[in-house]
1. Hand me the list of strands (runs of 3 or more DSSP E) wholly inside region 399-452 holding 3 or more residues that are polar (S, T, N, Q) and free of Cβ contacts under 8 Å to residues at least 60 places away in the same chain.
2. Going by the conditions given, is Tyr307 aromatic (Phe, Trp, Tyr), within 21 Å of Ala458 (Cα to Cα) and modelled with pLDDT of 90 or more?
3. Under the condition of being closer than 19 Å to Tyr115 by Cβ and out of contact with any strand residue (DSSP E or B) (no Cβ under 6 Å at 6 or more places or on another chain), which residue from region 187-230 is surrounded by the most Cβ atoms within 10 Å (Cβ to Cβ)?
4. List the residue pairs whose Cβ atoms are under 9 Å apart, where the first residue sits in region 335-358 and is in contact (Cβ under 8 Å) with a residue 60 or more places away in the chain and within 17 Å of Tyr451 (Cα to Cα), the second is outside any helix (DSSP H, G or I) and of a type in the set (S, T, N, Q), and the two are 6 or more positions apart or on different chains.
5. Please specify each residue of region 270-322 satisfying the condition of being free of Cβ contacts under 8 Å to residues at least 60 places away in the same chain and assigned to a loop (DSSP other than H, G, I, E, B).
6. Just one of (1) out of contact with any Asp or Glu (no Cβ under 6 Å at 6 or more places or on another chain); (2) buried (at least 19 other Cβ atoms within 10 Å of the Cβ); (3) in the same structural domain as Pro506 (by TED's automatic domain parsing) trips up Arg455, so point out which.
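The values are calculated or read from the model by the stated rules, or taken from the named source; none is laboratory data. Only a predicted model underlies this, so the values are computations on that prediction, with no experimental measurement involved. Cβ placement follows ideal geometry from the backbone for every residue including glycine, while neighbour counts extend to all protein chains displayed.
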Amino acid sequence: MTTAEPAPATTSTSVQFTMGATGLTSLTWNGQEFLFPGGNTPSVVNAFSVDAAGNTKGLKTSPNSTVTDGQAGTVTQTFDWGSILTQYQALEDKLAINVTIQNAGPGTIYRYWIYPLAFTFPATPVILNNTATFNVDGPSSIYWDYVNGVVDLVNEDVVQPLAIGFWQAESPANKKWFLIVYVDPGQNLNPNWPAIIRPIDPGTSDTLTMSLRFGGPGAYEDQLAGDIYALYRNTFPRVLMQSAPRKPIARLSFCGRFRPGFPTNPRGWFNSSGVDVTTAQGVANFHKGLLSSADSCIAEMTRVGAYGGILWDLDGQQSDLSYLGVPEMAEIMAPELIGILDDFIGKFQAAGFPIGFTLRPQEFNVEIGVINVSGTKVTWVRGAQFQSSWAGDINGGALAFGVNNYTIASVESPTSLTLFNDTGTANQVPYFYATLTNTDPYTVMQKKIQYTYVRWGATLFYVDSTLDYQGNITPAEIFGRLREEYPNVYIFPEWKSTRHYAYTYPWTDAANGYIFPSKSTMLTYPLGGGLIRVPSDEQIASVQQQLAEAVAAGSVLLFDGWYPHSGNDVVKEIYARVNSRRI
């Protein structure tokens, strides 16, 4: 059943629309038509519910009835499971769109995909790659330029997660688009999109608020959506207690490469096959070399004018998991550090340099023991026995011994397992099995910061791999809590969204073309800055001016500080220019 009340055109300075029996029949801005009439919107592409037992089912997407109200600008669609009310409001140069979903069914609506509007541009937009935004740790604004004007799709709510965007209505993508609203905790539509968790329980409703903002040629995004960026900034203010250091930070790496493959130096210290950590004399020589290396680092840091240094790979590079980010377990993963680690770090402290470490937000677990190996067969000797979950474990899945990591095919018993590849024959071989799992990132990082802060006074933390296995970034709120507990530390997360700049100085990599925070971030936090790893000696001159501008704006440069090289001279020159205001 479809009914409609009379639908006169609304009056507005710029945006106007008319309504018919099932939805809009016209949408204009300054006399230009923007409605794609064949789109038949609003419409539901799919929707799913889950009951208390965990059973899921698809919900009916075609409405039993549709009722429009031209005076109120509403379309009410009724379904077996509830209703959707879509309201349009013309507010000068803005079309406000509110979608209220009422759940009258017995299960929780946990996933849905809705088109509130079918839209056509007068001309093909210039850039079509920014099609969706998610309201996850950042405001939502999609700004498109179609030469003769601009359109900005905005989420009016800055708190709750929601995917909104443009979904192409023709192929190849051209002028016709659907506006999309989307919620899905399972990332089914696009695995590269973040999980959007926004359930609607039985007997409740949820209202989604967005708007289309129109502007003439050359109108800037901050003119159209500046209020949303300001609202986000006021809702989640930047609370860094101290400014970024006006000095660069040294990256201090003592293990030369991933999985080095040196029989007597499995962690890869100094990238040298001559290091031997398997004998007492070899360990004694390693200790001397490590202290000498600290002296070399301190000399270069002093020459460049560093603020401090981050020990990048203190736990070695033996594992397939690469940077483990477990400084609290350094002496377990690299037992050759026992008896020397405090003296090594103490050298930097005595020289007056703040020090820090690489962390990860994942929980690290390791099992250590001794095995015999014959071909693909492995037999337990002592230490940790084998577990059936080791075979095919996405969090690890490899047995590390000798100079390699070996994938486990099957575990027959606590004392016997089989590898996929022949490893030769060896007896009384030390092994470890390590996993990194996504649990509670706050608790994991808090324990690591607390340990290193108490033991070594660490205040600089690069956080590697701030993603779960589905690609969801560690929430900014986690870093906000760490900032509250440790106000005098600097945290540099690898992966970030806009809100991370409220609490941290996120990592960027100039070698890959990333120097400045994103446009959205700068519109939200104009004083936001990051930790910029400088490019190679061959590349740094080409971006020297941009690096200087970034430092002047509040970012910090990260340079390789364990040996002298020409790129460090450029870093030194950049800071001299910035600190003397010669940029």
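1. 404-413, 425-437
2. The answer is yes for Tyr307.
3. So the residue we want is Trp193.
4. Qualifying pairs under 9 Å: Pro354/Thr459; Ile355/Thr459; Gly356/Thr459.
5. Selection gives Phe270, Asn271, Ser272, Ser273, Gly274, Val275, Asp276, Val277, Thr278, Thr279, Asp315.
6. The failed condition is (2).
One line per residue, one yes/no per condition, for (1) at pLDDT 90 or above; (2) assigned by TED's automatic domain parsing to the domain that holds Met333; (3) within 34 Å of the chain's Cα centre (by Cα):
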position: Leu399; (1), (2), (3): yes, no, yes
position: Tyr406; (1), (2), (3): yes, no, yes
position: Pro430; (1), (2), (3): yes, no, no
position: Met445; (1), (2), (3): yes, yes, yes
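Here is a yes/no grid of residues against (1) touching a Lys or Arg at 6+ places or on another chain (Cβ under 6 Å); (2) assigned to a loop (DSSP other than H, G, I, E, B); (3) closer than 29 Å to Gln32 by Cβ; (4) β-branched (Val, Ile, Thr):
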residue: Leu85; (1), (2), (3), (4): no, no, yes, no
residue: Gln89; (1), (2), (3), (4): no, no, yes, no
residue: Val99; (1), (2), (3), (4): no, no, yes, yes
residue: Gln102; (1), (2), (3), (4): no, no, no, no
residue: Pro106; (1), (2), (3), (4): no, yes, no, no
residue: Phe119; (1), (2), (3), (4): no, no, yes, no
residue: Val136; (1), (2), (3), (4): no, yes, no, yes
